[in-house]
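Written out below as structure tokens is the structure these notes cover.
Any read-out appearing in this document is the output of simple, stated calculations on the displayed coordinates, not a laboratory observation. Note that the structure is predicted; figures quoted are calculated from it, not measured. Every residue, glycine among them, receives a Cβ derived from its backbone with ideal geometry; neighbour counts consider all protein chains shown.
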Amino acid sequence: CGFTPAYAPQGGADTLSRAVQVRAPVTRNDYMLTRQLETRLGRAVAADYLLDYTLTVQDERIAITANNITRRFNLVGRASYTLTTMDGTTVTRGTVDSFTGYSATGSTVATRAARADAEERLTTILADQIVTRLIAAASAT
Amino acid sequence: QQTAFGSGQVDPDQPVEVESDELKVSETDGTAEFLGNVVIVQGEMRLAAPRVLVVYDEEGERIKRLEATGGVTLVSGEDAAEAQRADYDIDGGQVVMTGDVLLVQGKSTLESQRMVVDLNGGTAQMEGRVRTILNQKKD
Amino acid sequence: DTTDDGPAMLVADRVWLEGRSRVTAEGSVEVLQGDARLRAARVSYDRDTDRLTVTGPIVLTRGDNELVLADAAALDADLRNGMIRGARMVLNQQLQLAAARLDRVDARYSQLTRATVSSCQVCGTRPPLWQIKARRVIHDQEEKQLYFDDARMEVMGVPIFWLPRMRLPDPDQTRVTGFLIPSIKRNSQLATGLKVPYFITLGDHRDVLLTPYVSAKTRTLEWRYRQAFAKGRIEFAGAVSRDDLKPSLTRAYIEGKGHFQLPRDFRLDFTLQAVNDPAYLTDYDYSEADRLESEITVSRIRRDEYISAGLAHYRTLRLNEDTDTIPSIIADASYERRFFPKWGGEVRLSAENHSHLRYSDTLVDGTDDDTLSDGLDLSRLTVGAHWMNAWTLPAGIRAEGRIGVDIDSFRTVQDPGFPTSESGATPSAALTLRWPWVRHRNGVSEVVEPVAMLTWSGGSPLNVANDESTRVEFDEGNLLTLSRFPAPDRRERGGQLALGVNWTRIDPEGWDARLTFGSVLRRAPDTNFSASSGLGGDTSDLLIAAQLRNRAGLTLTARGLFDHKLTVNKAEARASWSSDKLDLSAGYVWLSADPAESRPVSVSEWSFESEFDITRTLRGQLAGRYDIAADEPISAGFGVIYSNECVDVALSASRRFTSSTIVTPATDFSFTIGLRGFSARTSGGTVARSCR
């Protein structure tokens with residue numbers, strides 16, 4: 001059916017392992033996105049590629065009660081990424097987006113914990129989507 | 001009305017003195033060719049050029065026309081003009097300078113491709129994308 | 001004086017020298033001086049007076065922001081001073097000033113006498129949409145201001161108001177003290193009122209915006225203060241009101257935020273929210289917050305090190321909550337450090353201290369939603385050390401292993417149900433296997449990736465209050481993780497196997513898609529999971545998540561939790577569509593009833609927000625929010641924005657149906673007219689109408 005294992009020797013994806021230097025983080029969301037990308041791709045020792053990204057996260061109120069209490073929030077995330085070789089030629093680029101929700105009907109500390117967890121889940125989803133697209137690009141060449 | 005070029009005392013009947021290193025006279029067509037540091041003086045006006053062709057009138061006594069070529073400098077009063085070529089029609093009282101004309105009047109200069117000086121009318125007209133710096137009086 | 005003082009240069013086809021001092025030029029004459037450039041049919045220059053006499057048609061430009069067309073002019077040689085007749089001046093390619101006479105002084109002031117000012121397209125002899133006629137207009141190019149004397153505003157030729165003196169910013173002006181665009185606001189509770197914002201610059205780094213808002217029912221002053229420092233900035237906003245809704249009370253609110261760069265790459269952030277009457281924010285539509293959060297944090301974020309410490313205070317505006325019995329003072333400090341030893345993999349050390357305090361000291365549970373005593377205060381410290389690594393196994397399997405331990409210690413006071421101190425260790429080990437298969441056919445790439453994560457966590461549950469982990473979510477983001485509880489007061493223990501498969505389609509020319517299935521099998525169910533979280537029982541709900549994106553700008557993302565009988569426990573979806581004509585974002589959520597999450601009945605809502613082009617100059621806005629379960633609208637709104645090259649008209653109406661003892665349903669209506677061409681914010685970049 002035409003599918004081959006991407007990380008098999010002739011699959012091509014293994015060229016990314018321990019070879020991508022991910023952009024340094026600025027915010028907590030960046031930190032989690034970079035951490036997940038480095039965990040999935042393996043920390044670069046002598047990098048052949050640079051992975052740059054810009055990450056935006058906005059929150060939206062949803063499930064408003066009749067007396068105007070916000071029961072839930074959506075965290076809407078978008079990351080656009082660019083993979084370049086060390087001398088700057090672009091290998092591939094793209095954008096990924098998704099959202100995660102968290103409930104705000106618990107106590108204040110439950111809502112804060114739920115929000116922090118939703119941020120971590122969102123950055124994990126975006127990182128996994130970026131890695132999947134990098135695997136597709138690396139195995140296509 | 002002040003003349004625009006030179007000091008305005010140029011009178012076409014004034015004698016024209018010509019000096020040069022060398023002189024070739026051609027009896028047949030009534031012309032004389034002065035070569036090498038040619039200087040022509042008429043009253044206040046002084047014209048210098050490496051080569052000047054002088055054309056006399058039919059009787060051969062009065063100069064009718066001068067053709068100066070090879071880089072001409074014309075000075076009259078405080079004004080000075082340079083060009084590649086100058087044609088002075090003495091009877092008409094008109095000097096036509098052509099080719100990289102540069103006219104210097106006091107602090108301001110004018111450049112163009114052609115200039116016609118009317119010695120009688122005291123006017124000078126420049127043509128051909130004239131460029132000049134309008135001198136600024138610094139207050 | 002920034003203008004260049006160099007001599008002016010004149011270029012022309014023909015130049016006459018008349019007398020000693022007069023030079024006359026004809027034939028596409030140009031005079032160039034600094035950034036000023038004059039083109040005319042004929043210019044004569046008098047050396048003695050250093051004046052130019054210019055006959056038109058004249059085009060005088062200065063830089064690319066000022067253009068003057070005129071019939072005749074008498075200017076000095078450097079084009080800085082002089083008088084121009086029959087002038088039409090265009091500022092910033094937008095604002096046109098026509099005048100019988102224009103006097104220029106020092107290349108800074110232009111005085112226009114009997115002037116008409118407008119930025120509207122003038123078609124034939126029809127009067128423009130609006131114009132200002134004035135006896136005199138002075139344009140100060142340095143201060144970027146326009147001063148009008150005896151000014152009369154005309155709309156479509158009809159005079160509508162007259163002002164002895166008026167000042168407006170020129171199109172280049174970005175920041176100057178003065179009135180901004182007023183707006184009419186009608187609110188069913190506060191009747192029709194007028195908001196007139198006045199902006200005051202206090203030097204280059206500070207400014208204040210004062211907006212009086214007066215109506216039949218309220219006298220309000222809204223304010224905003226901003227200040228930029230070398231290493232940070234602050235912004236505060238607020239309002240003070242006396243109104244007929246609560247006549248006996250002066251109501252006020254304040255909101256603030258700011259950040260500062262601290263030494264050694266640390267950064268300080270703060271937010272502040274306070275109000276002296278719970279209904280004030282919704283009555284005036286100042287904020288939708290139902291809990292006021294004030295927080296100050298110091299943090300430093302680097303690639304291998306995360307440090308953050310913060311203190312937060314909450315005040316609730318929710319009717320079913322009382323600030324005394326909710327955790328209102330919260331302190332958090334967390335540290336994470338990542339090492340990469342030579343022998344491979346990553347060592348991740350982390351430490352997190354959290355404490356929260358409730359004002360109340362009662363030792364029993366009152367009427368609030370939780371079952372904990374109203375006075376419960378808690379402090380916890382968690383220290384963790386984990387080693388992890390990733391390998392590529394033969395046949396292309398990508399393996400991630402991790403092993404580590406987390407030590408939690410809790411201190412609980414004012415709740416006899418829990419021991420004062422409790423601590424325990426949680427060793428854990430996990431192996432994740434991913435086997436991505438790829439296929440590429442004529443430009444379309446597909447990735448199918450089965451995943452499996454075998455996890456074991458030891459230790460026994462601690463006898464501590466569940467104050468923070470009462471709302472657990474399950475989605476693709478925590479399918480593969482050690483513990484899905486958001487806080488350490490609950491941890492998943494024992495063995496579990498998470499299984500999933502992702503299918504991704506990538507087509508640079510066509511549509512992208514993503515489909516994920518996932519489920520968690522565990523040896524023993526965890527009773528801390530609520531029913532609707534989908535993680536109860538020994539087999540979790542089936543997580544299905546999908547996404548579709550096309551080149552036209554549509555993105556559809558959805559996910560759901562389906563239990564064994566394939567009935568839905570939770571479903572959420574979001575659509576966004578952005579094209580040059582339409583911006584739409586819509587959301588849907590369905591949550592099954594779950595008393596443990598204080599949700600006696602199922603909750604379901606759809607909402608959307610959109611902005612779209614109706615015509616080239618007309619743009620519409622529509623928004624709505626509908627509570628499907630309760631079968632009643634929550635809010636609805638529409639708006640129309642008309643903007644052409646010289647005017648912005650914005651009309652919007654919104655209705656909020658929600659009501660409670662402090663919240664009353666209200667319809668808001670607002671209307672603003674802004675003249676374009678004055679101040680950089682409104683000038684430039686719009687659709688110029690064409691004459692028909």
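Calculate the spin-label point distance for C:R226 paired with A:T85, positioning each point 7 Å from the Cα along the beta-carbon direction, and give it in nanometres.
4.5 nm
With everything on Cα atoms, drop me the angle between helix A:108-140 and the longest principal axis of chain A, reported from 0 to 90° to the nearest 10.
20 degrees
Please report Rg (one decimal) and Dmax (integer) in Å for the Cα set of the stretch A:1-44.
13.4, 43
So how far, in whole Å, is the C-alpha centre of the stretch C:370-395 from the one of the stretch C:249-287?
32 Å
Give, in whole angstrom and from largest to smallest, the semi-axes √(5λ) of the equivalent ellipsoid of the stretch C:506-612, with λ running over the eigenvalues of the Cα gyration tensor.
On the way: eigenvalues 208, 70, 11 Å².
After scaling each eigenvalue by five and taking roots: 32, 19, 8 Å.
Between B:R129 and B:V55, what FRET efficiency follows from the Cβ-Cβ distance if R0 is 41 Å, with the result rounded to 0.05?
Details: r = 31 Å, r/R0 = 0.76.
Efficiency for this residue pair is about 0.85.
Which whole-number percent is the relative contact order of chain C (Cα, under 8 Å, 6+ apart)? Mind showing how you got there, number by number?
Working: 1846 pairs, mean separation 43.6, N = 692.
After rounding, I find 6 percent.
Can you compute the radius of gyration and Dmax for the stretch C:461-538, using only the Cα atoms, both in Å?
Values for the stretch C:461-538 (Cα only, Rg and Dmax): 15.7, 56 Å.
For the stretch C:352-411, with equal point scatterers placed on the C-alpha atoms only and solvent neglected, what are the log10 I(q)/I(0) values from the Debye formula at q = 0.15, 0.17, 0.21, 0.29 1/Å, to two decimals?
-0.65, -0.72, -0.87, -1.10
How high is the FRET efficiency between B:D13 and B:L102 when r is their beta carbon distance and R₀ equals 25 Å, given to the nearest 0.05?
0.25
Wrap a convex hull around the Cα atoms of the stretch C:424-469, take a quarter of its surface area, and give that in square nanometres. Before the final figure, lay out the partial values.
Details: hull surface 22.3 nm².
With every direction weighted equally, the projected area is 5.6 nm².
Across bins of 5 angstrom width beginning at 0, how are the C-alpha pair distances of the stretch B:23-139 distributed, in whole percent?
Pair shares across the bins are 2, 11, 20, 22, 19, 11, 7, 4, 2, 1, 0, 0, 0.
Give me the lysines in straight-line cross-link reach of B:K24: C-alpha distance below 20 Å, same-chain residues under 8 apart excluded.
B:K64
Compute the normalised compactness of the protein assembly as shown: alpha-carbon radius of gyration over 2.2 N^0.38 Å, N being the residue count.
Working: Rg = 41.5 Å, N = 972, 2.2 N^0.38 = 30.0 Å.
That works out to 1.38 for the protein assembly as shown.
Between C:Q261 and C:W456, what is 0.36 nm times their sequence separation minus the Cα-Cα distance? Round to one decimal in nm. If you can, show how the numbers build up before the last one.
On the way: separation 195, 0.36 × 195 = 70.20 nm, distance 4.25 nm.
In short, 65.9 nm is gained.
Take peptide C:42-53, look around each residue's Cβ out to 10 angstrom, count Cβ atoms belonging to other protein chains, and average those counts.
Numbers: counts 0, 1, 0, 4, 0, 7, 1, 1, 5, 0, 1, 0.
If you average over the peptide's residues, the count of other-chain Cβ atoms is 2.
Give me the lysines in straight-line cross-link reach of B:K107: C-alpha distance below 21 Å, same-chain residues under 8 apart excluded.
B:K137, B:K138
Based solely on its DSSP helices, what 222 nm [θ] is calculated for chain C when runs of n ≥ 4 H residues each add -39,500 (n - 2.57) and the sum is averaged over all residues, nearest 500 deg cm²/dmol? Working shown, then result.
Numbers: 1 runs with 4 residues, N = 692.
That comes out to 0 deg cm²/dmol.
Counting only other chains, and only Cβ atoms inside 10 Å, what mean value do you get across the residues of A:91-99? Walk me through the intermediate numbers first.
Numbers: counts 0, 2, 0, 3, 3, 4, 6, 10, 10.
Counting Cβ atoms of other protein chains within 10 Å of each residue's Cβ and averaging gives 4.
Quick one: check the C-alpha center-to-center distance for the stretch C:168-211 versus the stretch C:72-94, whole angstrom.
33 Å
Mind checking C:471-483 for the average number of partner chain beta-carbons within 10 Å of each residue's beta-carbon? Write down the numbers at each step before the final one.
On the way: counts 14, 6, 9, 1, 9, 7, 15, 7, 4, 2, 4, 0, 0.
Rounded to a whole number, the mean comes out at 6.
Can you pull out the GluC sites (Glu not before Pro) in the stretch C:429-531 that DSSP calls coil and that have at most 12 other Cβ atoms within 10 Å?
Numbers: sites: C:E446, C:E468, C:E473, C:E476, C:E492, C:E509; in loops: C:E468, C:E473, C:E476, C:E492, C:E509.
Here the GluC sites (Glu not before Pro) that fit, given the DSSP loop and packing criteria, are C:E509.
Filter the chymotrypsin sites (Phe, Trp or Tyr not before Pro) in the stretch C:117-155 down to the DSSP loop ones having no more than 16 other Cβ atoms within 10 Å, then list what survives.
Listed in order of number, the matching sites amount to none.
Computed from the mean reciprocal separation of all distinct C-alpha pairs, what Kirkwood hydrodynamic radius does the stretch C:334-452 have, in Å? Please list the in-between numbers first.
Values: mean 1/r = 0.0543 Å⁻¹.
Roughly 18.4 Å, rounded to one decimal.
Springs between alpha-carbon atoms under 10 Å, Gaussian network over chain B: tell me which of B:E17, B:E61, B:E82 tops the mean-square fluctuations.
Among B:E17, B:E61, B:E82, the largest GNM mean-square fluctuation belongs to B:E61.
Of A:A113, C:P633, C:L554, which is farthest along the charge dipole of the protein assembly as shown in the positive direction, counting Lys and Arg as +1 and Asp and Glu as -1 at C-beta?
Farthest along the dipole direction, towards plus: C:P633.
Give, rounded to the nearest 20 debye, the magnitude of the charge dipole that the stretch C:88-131 has about its Cα centre when Lys and Arg contribute +1 at Cβ and Asp and Glu contribute -1 at Cβ.
Details: 6 positive and 2 negative charges, 21 e Å.
Charge dipole, the stretch C:88-131, about its Cα centre: 100 debye, nearest 20.
Size of the dipole of the stretch C:156-288 about the Cα centre, Lys and Arg at +1 and Asp and Glu at -1 on the beta carbon, nothing else charged, in debye to 20? Spell out each step's value before the answer.
Working: 19 positive and 15 negative charges, 54 e Å.
Around 260 debye, computed over the stretch C:156-288.
Between C:L515 and C:D46, what is 0.36 nm times their sequence separation minus the Cα-Cα distance? Round to one decimal in nm. Walk me through the intermediate numbers first.
Values: separation 469, 0.36 × 469 = 168.84 nm, distance 8.27 nm.
Going from the current span to full extension adds 160.6 nm.
With r defined as the distance between the Cβ atoms of A:A24 and C:F612 and R0 fixed at 51 Å, what FRET efficiency is calculated, to the nearest 0.05?
Values: r = 40 Å, r/R0 = 0.78.
With R0 = 51 Å, the Cβ-Cβ based efficiency is 0.80.
Hey, could you get me the Stokes-Einstein D for the stretch A:1-134, Kirkwood radius over alpha-carbon pairs, 4 °C and 1.567 mPa s, rounded to whole µm² s⁻¹?
On the way: Rh = 16.4 Å.
Here the translational diffusion coefficient equals 79 µm²/s.
Across chain C, how many lysine pairs separated by 8 or more positions, or lying on different chains, have Cα atoms within less than 14 Å? All intermediate terms of the calculation are to be shown ahead of the outcome.
Numbers: C:K185/C:K195; C:K185/C:K217; C:K195/C:K217; C:K217/C:K246.
Pairs that pass both the separation and distance tests number 4.
Over what distance in Å are the Cα centres of the stretch C:1-65 and the stretch C:473-526 separated?
77 Å
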